[in-house]
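Below you'll find the structure, written out as structure tokens, and then a few comments.
Just so you know, all these numbers are worked out from the coordinates, no wet-lab data involved. In this text the structure is predicted, and so the values were computed from the model without any measurement. Cβ placement follows ideal geometry from the backbone for every residue including glycine, while neighbour counts extend to all protein chains displayed.
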Amino acid sequence: MSVKQIPRRIFTGISGLDEVLQGGLLSNRTYLIRGGPGTGKTTLGLHFLAQGVMEGERVLCITLGEPESNIRQNALWIGFNLEGIHFLDLSPTPEFFIEVESYDIFSPAEIEREPITKKIVETVASLKPNRVFIDSMTQFRYFATDSFQFRKQVLSFLRFLVDNGATVMFASEYGQETPDEDLQFLADGVINLSYSHSEGYILNVSKFRGSDFRGGFHPYKLTEEGMKVFPRLIPKEHRREFERELIPSGVPELDALLHGGLERGTTTIITGASGTGKTTLGIQFMSEASRRGERSVVYIFDEGVESLISRCEAINIPVRSMIEGGSLSIVRIEPMQFTPDELANIVRCEVEEKSARIVMLDSLAGYRLSLRGGDLVSRLHALCKYLANMGVTVLIINEVEQITGDFKATERGISYLGDNLIFIRYLEIKGELRKAIGVIKKRLSDFEKTLREYEITKDGIKIGEPLTNLRGILTGKPEWVKGS
Amino acid sequence: MILVLDSNRKNLELIDQLLSRGGYQVIKISNLEEADRIIEESSCIELALVDISGFGEAIWERCKRLHSLNIPFLIISPRYNPEIQRSGIKYGARGILPKPIIIKHFFRSIRDIIGANK
């Protein structure tokens, strides 16, 4: 008897995957999970079933390859509670191997299929599962005498399950020896899992009948808590209403230089040589934000958290109390720890769940060196665009190698990322090493065209009056204008 | 009554299960001596299924005997082999079934000779 229902969205148990699927799977449909060995097909299936148990559904795991005991053991390691999941273990028993004599008169396909089919039919009829996971459908291939029979059998099997009210997920191990195009045609949805040394684990959805889905490749991880999917950030899908007001730094001279401050929802590149005080300048904006009760986050790639805290405390920027008060978070990103999309998801969490209003990446070189995978600049571009849409002010620290000599704002062709470009540089004046700060670009407003002296003292950032009587500042060896 | 001669006990079990389920009565035999005895003693054999694997040339003598007693028989051969086919026809087999036999064909061949199960 058919108990077909109007499809509704059901969660997979993996929030990132539900996002890729635009809200989850459609119920009473069939989904193929493809992947090579070790890509997490069973883990994904268990998430799907565990989510069903959590929602009070009846769920069934049909295993044909791995025995139930192995699956339970592996699930324990990743902290899964398999209670409530009904298992139908159809994997071969050790006796199969011990029996020396075997039959040859009929095809094993014909002989083995029958008892297996009977067990499945009996279990489904008595349990009436809402969710079924089959691990894996590849085994059924060996029960069919030819590919036509296989297709017919799988189609009718899936139909039987769906007609009995189930949403079905079935795994397939594919390789050159066992192509599975036929299964892709049969399923309502196809989720592909793969692993490569350079990109890590990647998921993509190649088919989802009756629903839109987020295309492209999404990284995922197999962690101690199971599978985590990090949907690729598509900036245009995120937007928040915000007032494009100016946020001041709290240092009057700096705000004068910027004609009031930085606009919300813009990206500012702070560029300069090593030791010029770029990070401090960024933190200054956050300190002022903290006074307004706003939250900021710094992602540091190059230095340790404690070192940054000590540096700021030494110049009277109270970062420790800001952290304790919840208005600042400093997050250290270890080399090769994340892909750009994983980092983007972490940033999204800060913005969407913890209402961060300023995000600083320190530094651009660190970002490029620390993150895994290719296409880093375009991923950073997407992240900045997303933050802009969400009204977050972004600060990117960019270190230039050149300490003196002719001026060059950035060395990596990334100026286009910034709406605003602030630079700090060393100057030699009368044999003394000094620093100057200036603005090269500010997309949304005018700015002061002269430079000012920039100094970091024990009381914080000090910025002087406009250096109107010096010329050739950008060469690094300025001269006094005659008559001044 | 169907006599099944097969040196592989697993095959015997499997054929027995299938035929019994199909409503046929079966006599299972796995060696030639026993086969000789049953062929001579039993008068109600309607069909014999002879899996020639594992018996050597001696199996053809039994085929000859079955034919002379007017007991129809089918040869089960390890694979399609024209030599076996020729020998089978020579000794009076009603058909050759190469392994693996498709179950549907297996029953059809039996029905063609002795009609549907009782």
Query - Prolate/oblate/rounded label for chain B (Cα gyration tensor, a/c 1.5) - result: rounded
Query raised in the report: How large is ³J(HN,Hα), in whole Hz, for each residue of the stretch A:381-395 in order, when computed from phi with the Karplus curve 6.51 cos²θ - 1.76 cosθ + 1.60 and θ = phi - 60°, using x for Gly and Pro?
Result: 4, 4, 4, 5, 4, 4, 4, 4, 4, 8, x, 8, 8, 10, 10
**Report entry** Out-of-range pairs (alpha-carbon distance over 25 Å; input A:LYS278/A:LYS458; A:LYS435/A:LYS458; A:LYS119/A:LYS152; A:LYS228/A:LYS278; A:LYS41/A:LYS119; A:LYS441/A:LYS462)
**Finding:** A:LYS228/A:LYS278
Query raised in the report: For A:LYS221, what is the net charge nearby, where nearby means another residue's Cβ is under 14 Å from its Cβ and Lys, Arg count +1, Asp, Glu -1?
Result: -3
Query raised in the report: Hey, in the GNM for chain B with a 10 angstrom Cα cutoff, which one of B:LEU19, B:LEU69, B:LEU97 fluctuates hardest?
Result: B:LEU69
Report summary line: One finds the C-alpha centres of the stretch A:234-306 and the stretch A:129-163 to be spaced, in Å, by 57 Å
Query raised in the report: Using θ = phi - 60° and the Karplus form 6.51 cos²θ - 1.76 cosθ + 1.60, what ³J(HN,Hα) does each residue of the stretch A:39-49 get, whole Hz, x for Gly and Pro?
Result: 8, x, 4, 5, 4, 4, x, 5, 4, 4, 6
Query raised in the report: What is the magnitude of the charge dipole of the protein assembly as shown about its Cα centre, with +1 placed on the Cβ of each Lys and Arg, -1 on the Cβ of each Asp and Glu, and no other charges, expressed in debye to the nearest 20?
Result: 1620 debye
Report summary line: Averaged over the residues of B:48-55, the number of partner chain Cβ atoms within 10 Å of each residue's own Cβ comes to 1
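Mind checking B:100-106 for the average number of partner chain beta-carbons within 10 Å of each residue's beta-carbon? Working shown, then result.
Values: counts 10, 5, 5, 6, 1, 0, 3.
Averaged over the peptide's residues, the number is 4.
Ignoring everything except DSSP H segments at least 4 long, calculate the 222 nm mean residue ellipticity for chain A; use -39,500 (n - 2.57) per segment, divide by total residues, nearest 500.
On the way: 15 runs with 154 residues, N = 484.
Result for chain A: -9500 deg cm²/dmol, rounded to the nearest 500.
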Report task. Using Cα positions and a limit of under 24 Å, work out the lysines in reach of B:LYS28, with same-chain residues fewer than 8 apart set aside. Result -> B:LYS10, B:LYS64, B:LYS99, B:LYS104, B:LYS118
**Report entry** Relative packing of peptides B:39-50, A:17-28 - highest average C-beta neighbours within 10 Å first
**Finding:** A:17-28, B:39-50
Query raised in the report: By average Cβ neighbour count within 10 Å, what is the ranking of A:279-288, A:124-133 from highest down?
Result: A:279-288, A:124-133
**Report entry** the stretch B:88-118 versus the stretch A:58-98: alpha-carbon centroid distance in Å
**Finding:** 42 Å
Query raised in the report: Taking the Cα centre of chain A as the origin and placing charges on Cβ (Lys, Arg +1; Asp, Glu -1), which of A:LEU254, A:ILE323, A:LEU186 is farthest toward the positive end of the dipole?
Result: A:LEU254
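Per residue of A:105-117, how many C-beta atoms from partner chains lie within 10 Å of its own C-beta, taken as a mean?
For this peptide, the per-residue mean of nearby foreign Cβ atoms is 4.
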